[in-house]
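Before any comments, here is the structure.
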Amino acid sequence: MKLSDIRKDYTLKSLDISDVSTDPFRQFSLWFDEAVDSEALEVNAMCLSTLGLDGYPSGRIVLLKGVDEGFVFFTNYSSAKGKEIEAMPKASLTFFWAELERQVRIVGDLEKISEAESDEYFFSRPVGSQIGAWTSPQSQRIENREVLAERNKQLEDRFSREPITRPPHWGGYRLKPKQFEFWQGRSSRLHDRIGYEKNGEGKWTIFRLAP
C-alpha cells in the first residue's frame with residue numbers, strides 16, 4: 001500500500017464551544033476519563049516537545065503522573081530533555097487517543113516540582129524502577145547493554161545493604177499551561193478544534209480554530 005493511500009475518516013463524535021467546559025482543566029479531565037473508559041493503550045502517554053540546544057525541536061513520549069495547577073511528569077534532570085528544559089523552560093504536550101479520534105495539545109512553562117513531591121512519587125515506584133533511576137546515565141552514549149546490566153547489578157547489591165534514596169539528578173517537572181487545544185476528528189478532514197488561551201487577567205478565552 002502506498003503511504004498516500006492510507007487514510008481514515010473520523011466519524012465518532014463532534015465538538016462545539018457549547019459542548020466544552022469554561023475551565024480547560026475540567027475539559028481535560030472529562031476527556032481523560034473517557035479515554036480511560038475506552039481502554040486506550042497507555043492513556044497517560046504524551047509527546048513532550050522541547051527546544052533542543054541546537055535550535056531544533058525535540059520530542060519524545062513521557063508519562064503524565066499528575067494534574068493539579070499543571071501537568072506533572074518525571075525524568076532524569078541530566079538527560080537531554082533535562083538540559084533543554086534548563087536552557088529553555090517552555091514546552092508543549094500532545095495526547096492522542098485514537099480510540100476516541102481525539103487529540104489534546106497543551107503549551108506552557110516548565111518548573112521543577114518540590115523535592116518532597118519528587119520523593120513521594122519516587123518511593124511509590126517499584127524497587128526495580130527506583131534502582132533503574134540510579135542505573136541509567138540517560139541520553140549518554142554507552143558501549144553496549146552489558147554496561148547497564150553490570151551497573152544495575154552493582155546497584156542492586158549496594159541497595160541490598162543500605163536504604164535506597166532518590167538520585168539527586170532525578171525528579172519531576174510541572175508544565176503550567178498558557179494554551180490548550182482540544183481536537184476532535186471529523187469527516188472529510190473538517191475536524192473540530194476548540195482552543196483556550198490565558199488572557200491578561202488570568203482567565204481563559206475560548207475560541208474555535210479552522211481545521
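Worth a mention:
- Positive-end extreme of charge dipole, the chain - chosen from P163, V36, G185 (charges on Cβ): G185
- Each Lys and Arg Cβ is given +1 and each Asp and Glu Cβ -1; about its Cα centre, the stretch 126-165 then shows a dipole of about 80 debye.
- Charge tally around T11: other residues with Cβ under 15 Å, Lys/Arg +1 each, Asp/Glu -1 each, net +2.
- Computed from label points 7 Å out along Cα-Cβ, the spacing between E143 and H169 is 1.9 nm.
- The stretch 1-57 shape via C-alpha gyration tensor axes, a/c threshold 1.5: oblate
- Mean separation of Cα contacts under 8 Å, 6 or more apart, over the residue count of the stretch 155-202: relative contact order %: 26 percent
- Max mean-square fluctuation residue, GNM over the chain, Cα-Cα springs under 10 Å, options L48, L12, L93: L12
- Relative contact order (%) - criterion: Cα under 8 Å, at least six apart; region: the stretch 89-211: 28 percent
- Relative contact order [Cα under 8 Å, 6+ residues apart], the stretch 1-110, whole percent: 24 percent
- Extension gain, I61 to I17, is 12.9 nm, computed as 0.36 nm per intervening residue step minus the present C-alpha separation.
- The stretch 126-165: C-alpha gyration tensor shape, a/c 1.5 cut-off, then a/b vs b/c: prolate
- Theoretical ellipticity at 222 nm over the chain - DSSP helices of four or more residues, -39500 (n - 2.57) apiece, nearest 500: -8000 deg cm²/dmol
- Cα centroid of the stretch 146-188 to Cα centroid of the stretch 193-209, whole Å: 31 Å
- Rounded, prolate or oblate (a/c below 1.5 giving rounded, otherwise prolate when a/b exceeds b/c) for the stretch 93-144 by Cα gyration tensor: prolate
- Dipole-positive endmost among F123, S92, P137 within the stretch 92-160 (Cβ charges, Cα centre): P137
- The region of the chain that goes longest without hitting one of the GluC sites (Glu not before Pro) in a DSSP loop, each with at most 14 other Cβ atoms within 10 Å, is 70-142.
- Lys, Arg +1 and Asp, Glu -1 on Cβ, resulting dipole of the chain about Cα centre, debye, nearest 20: 580 debye
- Each other residue within a Cβ distance under 13 Å of R208 adds +1 if Lys or Arg and -1 if Asp or Glu, for a net charge of -3.
- Matching label, Rg and Dmax of the Cα atoms in Å computed from the structure shown, candidates (1) 17.4, 55; (2) 19.5, 72; (3) 20.0, 62: (3)
Laboratory data are not the source of any read-out in this text; all were calculated from the coordinates shown. In this text, all values refer to a predicted model and were calculated from it rather than measured experimentally. Using ideal geometry, Cβ is built from the backbone for each residue, glycine included, and neighbour counts are taken over all protein chains shown.
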